[in-house]
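See below for the structure under consideration.
Rule-based calculations on the coordinates, nothing more; no lab input. Note that the structure is predicted; figures quoted are calculated from it, not measured. Cβ placement follows ideal geometry from the backbone for every residue including glycine, while neighbour counts extend to all protein chains displayed.
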Amino acid sequence: MAIAAKSEQVWNYRGLREWIDAVDRLGQLRKVTGAHWDLEIGAVTELLCEKYKQPPSILFDGIPDYPKNYRVLSAEIETVERLALTTGLPPRISPLEFVQRWRHKVRQIKPIEPEVVKDGPLLQNVLTGDDISILKFPAPRWHEEDGGRYIGTADLVITRDPEEGWVNLGTYRSMVHDERSVGLYISPGKHGRIQRQKYYDNQKSCPVAISFGQDPLLFIAASIDVPYGMNELAYAGGVRGEPIQVISGPKTGLPIPANSEIAIEGEMIPGDLKEEGPFGEWTGYYASHRRPEPVVRIHTLMYRSDPILCGAPPLKPSVGQGFYRSLLRSALIWNALEETGVPDVTGVAVHPAASRLMVIVGIKQRYPGHAKQAAVIAGQCRAGGYMGRYVVVVDDDVNIFDSDDVIWAICTRSDPQQSIDIVRRCWSGPLDPMLPAGAAGLNSRAIIDATRPYERKDFPRVTGMSPELKKKMAQKWEKLLI
Ligand SMILES: Cc1cc2nc3c(=O)[nH]c(=O)nc-3n(C[C@H](O)[C@H](O)[C@H](O)COP(=O)(O)O)c2cc1C
Ligand SMILES: [Mn+2]
């Protein structure tokens with residue numbers, strides 16, 4: 001049942017629990033009972049991703065050592081249908097259509113500030129002092145070589161800029177240390193890290209709140225590139241067309257979604273570090289080794305009765321867990337190209353098997369240098385800048401969602417000596433498998449211009465039927481094609 005239908009927006013849910021019901025109605029929910037938090041929840045997630053590529057959402061219950069109804073949700077979004085459900089778009093659309101609609105939608109977002117409410121499901125249980133134990137929840141050990149149990153993988157890390165006052169939400173991994181502390185890994189350049197550093201630079205501790213289970217729209221907002229200075233809660237409110245309800249954290253005053261399932265608030269104290277990692281990361285490798293990272297000292301633990309912990313364990317990208325994010329990122333890079341004045345972009349596809357590491361841009365070439373301009377911007381804008389590796393630009397007759405077609409274009413329209421450029425000393429970080437431990441977070445980028453050289457008016461024609469002939473023949477020989 002739609003809550004509100006504004007133009008073509010369709011909202012079939014409010015909050016995580018209604019979202020799960022809506023996914024169940026789509027026929028995309030799998031319930032699993034009895035999987036152990038130690039490796040089994042991670043293993044089942046990986047098996048289902050491997051089998052289906054775009055797997056159902058998986059809701060784990062009956063987890064050994066934990067009360068019934070203390071659940072874990074993994075593989076949350078993953079399909080275009082669930083992505084559309086979460087972002088209020090029509091459910092039956094193609095990946096390219098999703099990218100198109102989403103990029104127009106985010107461009108028009110008018111942020112709506114969150115609404116502070118006195119009460120909410122999150123406050124059903126509030127623990128402080130010695131009563132706090134984050135071990136109450138079945139945080140999985142997701143992968144065999146992980147350095148610990150990661151309670152935060154699909155989380156919202158909430159901080160406030162000490163100078164400018166704005167609130168940021170980012171999805172940053174969080175490892176359980178003990179009952180009253182968790183570790184937090186934030187990559188260089190991420191907004192939460194910039195804000196934390198401002199506190200540290202003044203020898204102040206950084207107040208923080210973390211939500212570990214919530215409306216997947218908030219997870220999307222926290223884990224994609226929302227402009228610096230914008231509160232992701234306001235952004236999500238803008239997508240939704242109504243304010244996100246938050247409670248004010250009892251100790252920190254930070255806004256925490258009132259509908260969250262589990263949340264903590266606390267502080268990170270300058271110099272308070274503990275060994276964190278490694279963790280099986282989105283590149284498909286255990287990343288960032290085991291090294292000291294900031295600790296969150298928990299002052300308040302809040303949770304809804306029978307809580308649902310959300311998890312998004314990274315897998316090797318060719319196995320899964322990257323498809324929907326590729327679509328979201330493709331839309332943002334496409335917008336960045338348009339906003340910087342690159343004309344006639346016909347599509348952007350972040351390759352799901354490479355995640356950030358390969359971006360394919362389609363253009364209709366209009367002038368010499370058009371392809372290079374598109375490549376440089378796609379590879380350096382906010383959504384494409386961090387930890388990229390390859391940007392490939394192709395002509396608009398190439399299907400950017402078809403790797404075979406893209407490889408054909410690279411192999412036939414580029415000449416390595418003149419078509420590949422290297423951009424040096426770009427934004428990378430400790431998750432980059434090519435960087436040795438402790439290296440500066442810098443990498444290089446290759447731009448592969450796989451468009452027909454602009455000046456080559458004699459470039460050979462592509463074989464294959466003309467659209468007219470194809471249509472005629474397909475009609476005439478229809479029976480053969482069945
Ligand atoms: C499942 C998932 C896990 C993530 N884990 C981390 C992480 O551990 N550390 C990090 O810095 N970024 C992580 N990210 C990426 C950030 O959430 C993303 O870059 C986001 O835009 C950061 O928000 P910010 O721009 O406000 O810093 C993760 C993203 C996803 C989707
Ligand atoms: Mn941000």
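Simple spin-label estimate for residue 297 and residue 24 gives 4.3 nm between the two label positions (7 Å along the Cα-to-Cβ direction from each Cα). Roughly what angle does helix 467-476 make with the longest principal axis of the chain, taking Cα atoms, 0 to 90 degrees, to the nearest 10? Between helix and principal axis, roughly 90 degrees. Annotation: extensible slack from residue 125 through residue 113 equals 1.7 nm (criterion: 0.36 nm per residue apart, minus Cα-Cα distance). A Förster distance of 60 Å, applied to the separation of the beta-carbon atoms of residue 479 and residue 104, puts the FRET efficiency at 0.90.
Each of residue 468 and residue 94 was given a label point 7 Å from its Cα along the Cα-to-Cβ line. The distance between the two points is 2.4 nm.
Beyond 31 Å between alpha-carbons counts as too far, so tell me which of 190/372; 53/110; 31/136; 190/364 fall in that bin. Can you show the working numbers first?
On the way: 190/372 27 Å; 53/110 34 Å; 31/136 21 Å; 190/364 33 Å.
Listed pairs above 31 Å: 53/110; 190/364.
Multiplying the residue separation of residue 163 and residue 318 by 0.36 nm and subtracting their alpha-carbon distance yields 51.6 nm.
Straightening the chain between residue 439 and residue 338 buys 32.9 nm, computed as 0.36 nm per residue apart minus the Cα-Cα spacing. Measuring r between the beta carbons of residue 427 and residue 248 and using R0 = 45 Å, the FRET efficiency lands at 0.85. DSSP beta bridges fully contained in the stretch 15-310 are about 80 percent antiparallel. Principal-axis analysis of the Cα atoms of the chain puts helix 403-413 at an angle of about 50° to the longest axis.
Taken one residue at a time, the phi angles of the stretch 330-345 give Karplus couplings (6.51, -1.76, 1.60, θ = phi - 60°) of 4, 4, 5, 5, 4, 4, 4, 4, 5, 5, 8, x, 7, x, 6, 7 Hz. Gly and Pro are set to x. Quick one: helix 191-201 against the long Cα principal axis of the chain, what's the angle to the nearest 10°, folded into 0 to 90? Between helix and principal axis, roughly 50 degrees.
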